Amino acid sequence: MKLTHAEGSGSILKSRFAQGCRFALWALVAFGVVSAYGDVASGFTVDTAIPAGNAIVNSIDGDTVSIRQDLRDTKGEWFYWAFRVKGAAGRTVRFDFRKPDGTNLDIVGVRGPVVSRDGGKTFAYPLDGKATTRGFAYTFAPDENETLFYECHPYVRADWDAFVARHAADAAKGTFVVETLCRSRAAAEVPRVRAGCLKSEPKFRFMFTARHHCSETMASWVFEGIVDAFLADDDLGAWLRANVELMGVPFVDYDGAQAGDQGKNRKPHDHNRDYSEFIYPETKALTEWIGEHAKGRLDAFIDLHCPWIRGEYNEFVYATRKDPKIVPPSAQEDRFSEILEKVQSGTLRYKAANDLPFGQKWNKGVNFAQGWSSVIWACHNVKEPKVCRAMEFPFANANGAVVTPEKCRAFGRDIALALRVLLDGR
Ligand SMILES: [Zn+2]
């Protein structure tokens with residue numbers, strides 16, 4: 001007997017065998033309607049009532065779950081998903097990612113799902129090398145009653161709040177302040193952060209942004225690492241606090257990041273194609289903040305992203321280089337990439353040669369036909385930037401290295417160090 005679910009969140013659940021022992025349950029949670037799908041006989045349920053949850057169950061048939069990502073307002077396909085399984089202790093359950101018509105979906109990351117067995121406190125890749133691009137089988141331990149499966153390491157407001165709490169002493173010292181950028185479309189307060197040289201006019205200002213595409217979570221850990229560098233009790237931290245003010249926006253698509261949206265290719269255009277029209281409050285507020293607070297002048301503007309799920313240009317760290325006609329003097333950009341490759345101390349193995357030149361692959365003018373990106377806007381509007389670029393951080397594999405939040409944080413510090421070397425020579 002098979003339970004089917006037709007068309008995503010909010011649609012009507014249909015059971016082929018209404019009198020059968022299988023059931024489905026709609027649960028109302030704080031942020032909307034979330035469906036739970038279950039099986040009385042086997043006892044396990046699949047639901048999305050977790051931070052940034054996102055999935056639609058097509059069917060559960062015995063120990064096989066057919067499931068897919070919830071595209072919501074995405075144009076075309078994307079690959080973010082996140083769900084929870086409860087009550088499957090001791091069982092081996094197969095998860096197949098498929099469209100409603102049965103077509104396979106290749107939306108499992110290159111190291112398999114990111115899994116938490118402790119309610120989201122810690123995550124790992126237990127199926128690295130065992131999952132395929134379109135599914136995996138997972139054996140739940142005899143005492144494993146609740147397991148979270150994510151396409152990538154989740155990062156939501158609670159993670160940011162925990163980061164802020166860890167820096168309470170820095171806030172007291174006046175080197176770290178969290179403010180409100182604006183209210184999001186859903187009326188949430190969108191945070192912005194300043195760190196470093198805040199009590200006097202800084203010699204330099206850097207701006208960092210993350211989550212223009214809300215499902216690109218590894219960018220958030222890089223963002224944390226950059227801010228950490230500004231607050232660290234070491235030589236680099238001391239130099240940054242003496243010379244640089246960091247301006248940062250941790251969630252540009254704030255609502256999407258909390259809701260577990262795809263974000264990329266959101267209709268009518270996504271947040272990083274909004275710098276022509278400014279239909280999202282965050283993008284408008286971000287540009288106004290640069291104008292008012294930094295008087296339109298930044299020494300570096302770096303927008304942090306993650307690429308596609310796998311393949312060339314998706315399994316190494318790289319910068320996307322813009323049209324030489326609009327970027328700062330290219331020699332500075334080249335130099336920054338060279339320095340970054342040289343000074344990196346982590347294991348994400350960035351290579352300057354992996355940067356994506358303008359005009360190659362997807363990095364073409366036509367890609368911005370929907371509207372300007374933040375970097376294109378900054379290249380045209382920010383005065384005197386030495387570095388103005390987007391950087392891409394893969395989800396799971398970087399030139400053979402396992403990508404983890406800790407390694408992304410370490411790379412964030414490397415970015416801050418490379419900027420210091422570029423500007424200060426050491
Ligand atoms: Zn992106």
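The values are calculated or read from the model by the stated rules, or taken from the named source; none is laboratory data. This is a predicted model, so every value here is computed, not measured. Cβ placement follows ideal geometry from the backbone for every residue including glycine, while neighbour counts extend to all protein chains displayed.
Key figures for this structure:
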read-out: Residues of the stretch 384-407 satisfying the condition of being touching a strand residue (DSSP E or B) at 6+ places or on another chain (Cβ under 8 Å), within 16 Å of the ligand (Cβ to nearest atom) and either under 18 Å from Val156 (Cα atoms) or basic (Lys, Arg) (or both); value: Arg389, Phe393
read-out: Within the stretch 59-113, considering residues that are part of a loop (DSSP other than H, G, I, E, B) and of a type in the set (Asp, Glu), the one surrounded by the most Cβ atoms within 10 Å (Cβ to Cβ); value: Asp70
read-out: Positions within the stretch 267-306 being charged (D, E, K, R) and either in a loop (DSSP other than H, G, I, E, B) or at pLDDT below 95 (or both), in sequence order; value: Lys267, Asp270, Asp274, Glu277, Lys295, Asp299
read-out: Residue list for the stretch 208-266, restricted to those being more than 15 Å from the ligand (Cβ to nearest atom), part of a loop (DSSP other than H, G, I, E, B) and surrounded by fewer than 23 Cβ atoms within 10 Å (Cβ to Cβ); value: Ala232, Asp233, Asp234
read-out: Inter-residue pairs, beta-carbon under 7 Å, first farther than 13 Å from Arg321 by Cβ and modelled with pLDDT under 95 and in the stretch 361-386, second among the β-branched types (Val, Ile, Thr) and assigned to a loop (DSSP other than H, G, I, E, B), 6+ apart; value: His380/Ile326
read-out: Residues located in the stretch 267-319, provided they are surrounded by 22 or more Cβ atoms within 10 Å (Cβ to Cβ), within 12 Å of the ligand (Cβ to nearest atom) and polar (S, T, N, Q); value: Asn272
read-out: Residue check, Leu340 more than 24 Å from Ala285 (Cα to Cα) and at pLDDT 95 or above; value: yes
read-out: Where a residue in the stretch 317-337 is in contact (Cβ under 8 Å) with a residue 60 or more places away in the chain and its partner, wherever it lies, is among the acidic types (Asp, Glu), with Cβ under 7 Å and at least six apart; value: Val317/Glu392; Tyr318/Asp355; Tyr318/Glu392; Ala319/Asp355; Thr320/Glu392; Arg321/Glu333; Arg321/Asp355; Val327/Glu333
read-out: Pair list, Cβ < 9 Å and 6+ apart or interchain, from the stretch 124-135 residues that are farther than 16 Å from Gly311 by Cβ to residues that are of a type in the set (Asp, Glu) and surrounded by 15 or more Cβ atoms within 10 Å (Cβ to Cβ); value: Gly135/Asp96
read-out: Cβ-Cβ under 6 Å pairs, at least 6 apart or on other chains, the stretch 392-403 side farther than 15 Å from Ser345 by Cα, far side within 16 Å of the ligand (Cβ to nearest atom) and hydroxyl-bearing (Ser, Thr, Tyr); value: Glu392/Tyr318
read-out: All positions within the stretch 154-199 that are touching a Cys at 6+ places or on another chain (Cβ under 9 Å), under 17 Å from Val249 (Cβ atoms) and in contact (Cβ under 8 Å) with a residue 60 or more places away in the chain; value: Val190, Arg192
read-out: Verdict on Lys203 being under 14 Å from Leu419 (Cβ atoms) and either more than 16 Å from the ligand (Cβ to nearest atom) or among the hydroxyl-bearing types (Ser, Thr, Tyr) (or both); value: yes
read-out: Qualifying positions in the stretch 114-135 - surrounded by 16 or more Cβ atoms within 10 Å (Cβ to Cβ), among the small types (Gly, Ala, Ser) and within 15 Å of Val46 (Cα to Cα); value: Ser116
read-out: Filter result (in contact with a Cys (Cβ under 7 Å, 6 or more places away or on another chain) and away from the ligand (no atom under 16 Å from the Cβ)) within the stretch 320-345; value: Ile326, Val327, Pro328
read-out: Any hit, the stretch 207-220, residues being over 24 Å from Ile279 (Cβ atoms) and at pLDDT 95 or above; value: yes
